[in-house]
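The values are calculated or read from the model by the stated rules, or taken from the named source; none is laboratory data. None of these values were measured; they are calculated from a predicted model. No Cβ is skipped: glycine too gets one built from the backbone with ideal geometry, and neighbour counts run over all protein chains shown. Note: areas computed on protein heavy atoms with side chains; ligands, DNA, RNA excluded. Shrake-Rupley method; radii C 1.70, N 1.55, O 1.52, S 1.80 Å.
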Amino acid sequence: MGGFTLTHFLYLLQATGWTVVLTLLAFVLGCLAGFLVMLARTAQARWVRGLSGLYVDVVQGTPLLIVLFLIYFGLALFGFELPAIVAAALSLMIYCSAFLGEIWRGCVQSVPRTQTEASECLGLSRWQTLRDVVLPQAMRIATPPTVGFLVQVLKNTSLASVVGFVELTRASQVINNSLFQPFLVFGIAGLLYFALCYPLSRLSRALERKLNGGRRQPA
Amino acid sequence: MRYQFDFGALLPYWSDFLDGALTTLTMTAFAVVFGLVIGILCAIGRRSASPLLQRLCGFYVELIRNTPYIIQIFFIFFGLSSIGLRLPIFAAAVLTLVVNVGAYTAEIVRAGMDTIHPGQIEAAQALGLSQPQIYWDVILRPALERVYPALTGQFVLMMLASSITSQISAEELTAVANNVQSFSFRAFETYIVVAVLYLALAVLLKLAFYGFGQLIFPRRRRLGTPL
């Protein structure tokens, strides 16, 4: 038994780096998949909308932990030995895609219909309409909730500790197992998470306030 | 490589799954009730005249909303036992859930309260309503009615997040799954079954909240919209 030393702290910092790596990996992959989900959710074909809606409902109705176990244990059975970080990134990507797809669908659909109709009149193709007319407007609305969701992803990377990927949560568990000073160790881990998440939360709120500038209420 | 699915191997464990699902629901019920109380008190605290109380409630909400639930569990559960306070695991799990969901509830309820027009409150004051009357009849009830969908959505998410309490071996659905898969060596099937059970619980909870909403908000029932 010893005290909490600088070495422990550096170990935690290094693990924080892995948390950030996993967050970025999951978020980038999740954005790509979420974009596809958004396209499917706003598609013209009914069955595409229905199927993607089912996907969103299933993912949003299942705990991320269970998705993680399914991927980690499940894919191993089919002969893919996944490193923990890949399993974690994959399951976070699925989680991300369902939530971001649904957030972005709302943003795309909040762009006034007349914009799409006008583009049709001008003879723009569906893809052109989306790329040049709808998306630029939707992106403005989508930025605050997307940044807000990034906080969720960052927090949820902590679940990767369960399959043994050494990120911040796992690292603090390892240290606590040797020191058994839970208030101190998990307190520091919590503060490190807070230091990452809080600025993002503030940014999301500031962006939202800027967006609603016209409708701002006196505080 | 072909994998042969064998869900039959899980049949002997059906009562374990059922127990786990019931524990998850019980934990959720406790957490919803106490979390709502804490959330409402905290939302009122953030509107209070005392800057200290405002700061304190704001600090609690921001701290919880910006740290992962699993860290909160470890902090509370292992922390309390390190100072000699050994809670039963079920109570500890519910405690962490309440602390967690209380902060989210506070933020949602506060947003609802902010939508109440100041004119309404001034009118109530002019009519001579007492402070508790104003809070209950003019601010809180309409506010809760407006944020009811967001609130219940958060509670469903919390039910799903309660799976994380399996990490301190609270005997809920996910912990049951972990046990069953280690006995039956059928990990994939077990987690598929549990995923389906969670889906069913989520749908059940949504329906229950919808029905309850229709019951306690007559206006929503008659008009189909809140206020």
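Can you report the number of residues in the stretch A:177-189 which are farther than 11 Å from B:SER82 by Cα, facing chain B (nearest Cβ under 9 Å) and free of Cβ contacts under 8 Å to residues at least 60 places away in the same chain? The qualifying residues number 2. Out of the residues in the stretch A:196-211 that are small (Gly, Ala, Ser) and more than 9 Å from chain B (Cβ to nearest Cβ), state the one that is least open to solvent (accessible area, probe 1.4 Å). That would be A:SER204.
Of the candidates B:ALA123, B:ALA93, the single residue that is farther than 19 Å from B:ILE216 by Cβ, among the small types (Gly, Ala, Ser) and surrounded by fewer than 16 Cβ atoms within 10 Å (Cβ to Cβ) is B:ALA123.
Is it true that A:VAL111 is away from chain B (no Cβ under 14 Å) and either crowded, with 17+ Cβ neighbours inside 10 Å or of a type outside the set (Gly, Ala, Ser) (or both)?
Spelling it out, A:VAL111 is indeed away from chain B (no Cβ under 14 Å) and either crowded, with 17+ Cβ neighbours inside 10 Å or of a type outside the set (Gly, Ala, Ser) (or both).
Screening A:VAL162 against (1) among the β-branched types (Val, Ile, Thr); (2) farther than 16 Å from B:THR67 by Cβ; (3) more than 8 Å from chain B (Cβ to nearest Cβ) leaves a single unmet condition, (3).
Picking from residues in the stretch A:77-132 that are of a type in the set (D, E, K, R) and out of contact with any helix residue (DSSP H, G or I) (no Cβ under 6 Å at 6 or more places or on another chain), the one that is nearest to A:GLN44 (Cα to Cα) is A:ARG126. Given the condition surrounded by fewer than 18 Cβ atoms within 10 Å (Cβ to Cβ) and without any contact (Cβ under 8 Å) to a residue 40 or more places away in the chain, answer yes or no: does some residue in the stretch A:59-70 qualify? Scanning the stretch A:59-70, I find no residue that is surrounded by fewer than 18 Cβ atoms within 10 Å (Cβ to Cβ) and without any contact (Cβ under 8 Å) to a residue 40 or more places away in the chain, so the answer is no.
Only residues that are in a helix (DSSP H, G or I) and within 21 Å of A:SER110 (Cα to Cα) were counted in the stretch A:35-56, giving 14.
Residue count for the stretch B:21-79, restricted to those that are open to solvent by 60 Å² or more (accessible area, probe 1.4 Å), of a type outside the set (A, V, I, L, M, F, W, C) and closer than 19 Å to A:PHE183 by Cα: 1. For the stretch A:62-108, the tally of residues that are within 12 Å of chain B (Cβ to nearest Cβ) and either touching a Gly at 6+ places or on another chain (Cβ under 6 Å) or small (Gly, Ala, Ser) (or both) stands at 4.
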